[in-house]
Amino acid sequence: MDKEPNQNQMTEKASLNSHVMQLATAAFLYMGAAKLPGTEKVEVNLPMAKLTIDTLDMLKTKSEGNRTDDETSLLDDVLYQLRLTYVKAESAKPAAEQAKPTEDKPKPAKPEAPPADKPAEPPTPPADKPAEEPKPPEHPKQK
């Protein structure tokens, strides 16, 4: 018993072109090019848009030599349009969003220099070498 497909069922066979178009539609939605389905909201999620574009580029690379001319043309055109839209969306972001906050990391404390009237202590010798006898500090010549 074969049932007639209703409107909610997918009637198109799976193909590279349909998959490319699904991913492209998602990427355009992530870039705010259209309202989200079922809502009146336009949301921008550039990291997800970039991931989707990168996924399409990966599909192009992995399917090299196995595509028809139509599939290759569609992939090239879609990637071009997505990248162009992404660059425009990226440059349209407010300056405050583009500037990533920098963490104020405390700078490592510099070792304090000994006072000028007190000589520096000699460095500790490595464990495998015997310690040398410390020399007495030299005194400046008096005038």
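Computed from the coordinates by the stated procedures, all read-outs in this text should not be read as laboratory data. This one's a predicted model, so the numbers in the text were calculated from it and none came from an experiment. Glycine gets a Cβ as well: all are built from the backbone with ideal geometry, and neighbour counts include every protein chain shown.
Laid out as a table, the results:
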| item | result |
| --- | --- |
| Restricting region 36-88 to residues that are more than 17 Å from Leu16 (Cβ to Cβ) and among the small types (Gly, Ala, Ser), the residue that is nearest to the chain's Cα centre (by Cα) | Ala49 |
| Selection from region 28-45 of residues that are of a type in the set (Lys, Arg) and closer than 20 Å to Val78 by Cα | Lys35 |
| Within region 51-67, tally of residues that are surrounded by 11 or more Cβ atoms within 10 Å (Cβ to Cβ) and not in a helix (DSSP H, G or I) | 2 |
| Hits in region 53-79 (condition: under 24 Å from Leu29 (Cα atoms) and of a type in the set (Val, Ile, Thr)) | Ile53, Thr55, Thr61, Thr72, Val78 |
| Residue list for region 16-33, filter: more than 24 Å from the chain's Cα centre (by Cα) and free of Cβ contacts under 8 Å to residues at least 12 places away in the same chain | Ser18 |
